[in-house]
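See structure below.
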Amino acid sequence: MNAEQRSRVRLSNPAHFLALGAGSGLAAKMPGTFGTLAAVPLVWLLLETVSLNVYIFLCLIASVAGIWICGKTADDMGVHDDSSIVWDEVAGMMITMIAVPLSWQTMLAGFVLFRIFDILKPWPISYLDKYVHGGFGIMADDVLAGIAALVSLHLLVHFTVL
């Protein structure tokens, strides 16, 4: 993010605060990784304190609200999908951990798997990233990366790799 774009966002603005992952997206290098890392304590807390149905509902809310949160922040910045916008990584990490037995090993594996799918963007994630725009486009590829990581993680757990 350049200085002009940075001047257009404020952490005091709730949409910007969430979109920038409470500031984690402002990391000079690897903001997506820092945004995902910032999601880990939130995901852990939710998995420890709410039922599976509530957790799934919160994943849905984070994903749907993210369309507006990310779209609004991108519009305010004047950039389609600046790397500092990391709410999509937060939602993607939440999705990755749906119905996964919670341990440091599964959390670490979920984090790594999500980052792999988010960074490498295999098809159809790459298609969404390239051709779907606006807030929906910002969210869609990370939601799909989260689903791919979720399936992979469940397979690892099922076959007792984890």
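The values are calculated or read from the model by the stated rules, or taken from the named source; none is laboratory data. The shown structure was predicted, so the numbers you read here are calculated from the model rather than taken from an experiment. Backbone-built Cβ (ideal geometry, glycine too); neighbour counts: all protein chains shown.
Contact list please: Cβ distance under 7 Å, first residue in segment 10-27 and over 12 Å from E89 (Cα atoms), second residue in a loop (DSSP other than H, G, I, E, B), pairs at least six apart or on different chains.
L11/L20; H16/V9; H16/R10; F17/L11; G23/L11; L26/L20; L26/S84
Of the numbered conditions (1) at pLDDT below 95; (2) more than 27 Å from K29 (Cβ to Cβ), P122 satisfies every one except a single condition; which is it?
Here P122 meets the rest and fails (2).
Are any residues in segment 1-56 under 25 Å from A99 (Cβ atoms), among the small types (G, A, S) and either in contact with a strand residue (DSSP E or B) (Cβ under 8 Å, 6 or more places away or on another chain) or surrounded by 15 or more Cβ atoms within 10 Å (Cβ to Cβ) (or both), and if so, which ones?
G21, G32, G35, A38, A39
Considering each residue of segment 127-147, count those that are more than 15 Å from C59 (Cβ to Cβ) and either surrounded by 13 or more Cβ atoms within 10 Å (Cβ to Cβ) or modelled with pLDDT of 95 or more (or both), and give that number.
Number of matching residues: 11.
Can you find, within segment 79-118, the residue that is farthest from G25 (Cα to Cα) among those that are in a loop (DSSP other than H, G, I, E, B) and of a type in the set (D, E)?
D81
So is S103 more than 12 Å from the chain's Cα centre (by Cα), more than 25 Å from H158 (Cβ to Cβ) and among the small types (G, A, S) or not?
No; evaluated as a whole, the condition is false for this residue.
What do you reckon, is S51 among the polar types (S, T, N, Q) and over 24 Å from R8 (Cα atoms)?
When the stated conditions are applied, S51 passes them.
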